Amino acid sequence: MQTELERVAAEAATCTRCRLHESRTQVVFGQGDPHAELMLVGEAPGFHEDRQGLPFVGPSGQLLNRLLAGIGLRREDVYICNVVKSRPPRNRDPQPDEIAACRPWLDAQIRLVDPKVVVTLGNFAAKTLLETPTGISRLRGGTFPFQGRVLLPTFHPAAALHAEGRRFAGPSPREAMEEDFRTLARLLAERAGSQAPDPDPDPDPDPDPVAEPGESEQLGLF
């Protein structure tokens with residue numbers, strides 16, 4: 001029998017509420033454990049996601065997988081989705097009306113998965129869920145109450161990849177994300193009443209992935 005989350009996903013697959021349906025290959029609804037304690041919310045599908053119909057499957061997804069593995073989690077343990085379910089043309093920033101049109105799908109995912117912790121990845125996810133104009137560079141490093149849960153904002157993996165090789169006065173986006181994921185491990189452990197897993201210092205020895213086509217244009221991720 002089809003679950004309510006599966007029913008909502010099937011309904012979203014044919015959504016025409018905004019202009020993005022005109023250029024997408026397919027809707028990218030979400031992936032992962034439908035009862036996960038952790039939900040990660042990104043901005044919008046990119047090139048690879050639009051082709052495969054799954055969130056975070058390109059180089060950004062590879063980095064996200066390593067960050068999760070560093071705190072003892074797998075993709076299958078969490079639920080991953082985006083604020084906007086259709087890829088904006090040329091990976092441009094999603095527009096306010098597009099975010100508003102997709103918001104009911106995101107609200108349904110949060111309600112049905114019912115995670116204990118929500119991690120927003122990048123500017124648009126944090127601003128949308130926290131309903132604030134404050135940017136991610138100022139929001140990250142803190143935790144916020146959210147619908148009876150806790151919300152942890154961090155950078156988008158694409159921003160971390162785009163910033164590789166640049167000098168920063170403080171931590172780089174990649175280093176900041178690693179710090180935020182250590183905080184995430186503590187949050188999850190507190191809610192499970194157990195000890196936080198020991199971070200794996202190098203869960204994947206492969207070289208860093210290159211940026212996805214068009215991802216470097218999404219400077220709004222900072």
Mean separation of Cα contacts under 8 Å (at least 6 apart) over the residue count of the chain, i.e. the relative contact order in percent, is 25 percent
Any trypsin sites (Lys or Arg not before Pro) in segment 67-101 that lie in a DSSP loop and have at most 13 other Cβ atoms within 10 Å would be R74, R92
Computed about the Cα centre, the charge dipole of segment 41-91 from +1 Lys/Arg and -1 Asp/Glu charges at the Cβ has a magnitude in debye, to the nearest 20, of 120 debye
The set of residues whose placed amide H lies less than 5 Å from the amide H of L40, leaving out same-chain residues fewer than 5 positions away, is Y79, I80, C81, V119
Magnitude of the Cβ-charge dipole (Lys and Arg +1, Asp and Glu -1) of the chain about the Cα centre, nearest 20 debye, reported as 580 debye
Net charge near E190 (other residues with Cβ under 14 Å of its Cβ; Lys, Arg +1; Asp, Glu -1) is +4
Expressed per residue, the solvent accessible area of the chain in Å² (1.4 Å probe) is about 47 Å²
Expected sort for 167-178, 115-126, 57-68 on mean C-beta neighbours within 10 Å, highest first, is 115-126, 57-68, 167-178
Under the rule rounded for a/c under 1.5, else prolate if a/b exceeds b/c, else oblate, using alpha carbon gyration tensor axes a ≥ b ≥ c, segment 64-117 is classed as oblate
Summing -39500 (n - 2.57) over every DSSP H run of at least 4 in the chain, dividing by its residue total and rounding to the nearest 500, the 222 nm mean residue ellipticity is -11000 deg cm²/dmol
Between L130 and H35, Cβ-based FRET efficiency (R0 30 Å, step 0.05) works out to 0.80
In the chain, taking the dipole from +1 charges on Lys and Arg beta carbons and -1 charges on Asp and Glu beta carbons about the Cα centre, the listed residue (Q147, T132, G165) farthest towards the positive end is T132
As a Kirkwood estimate from alpha-carbon pairs, the chain has a hydrodynamic radius in angstrom of 17.4 Å
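The values are calculated or read from the model by the stated rules, or taken from the named source; none is laboratory data. Please read these numbers as outputs of a predicted model, since none were measured by experiment. Positions of Cβ are generated from backbone atoms using ideal geometry, with glycine treated the same way; all protein chains shown enter the neighbour counts. The protein model used for the area step is the full one, side chains on, heavy atoms only, and it has no ligands, DNA or RNA in it. Shrake-Rupley method; radii C 1.70, N 1.55, O 1.52, S 1.80 Å.
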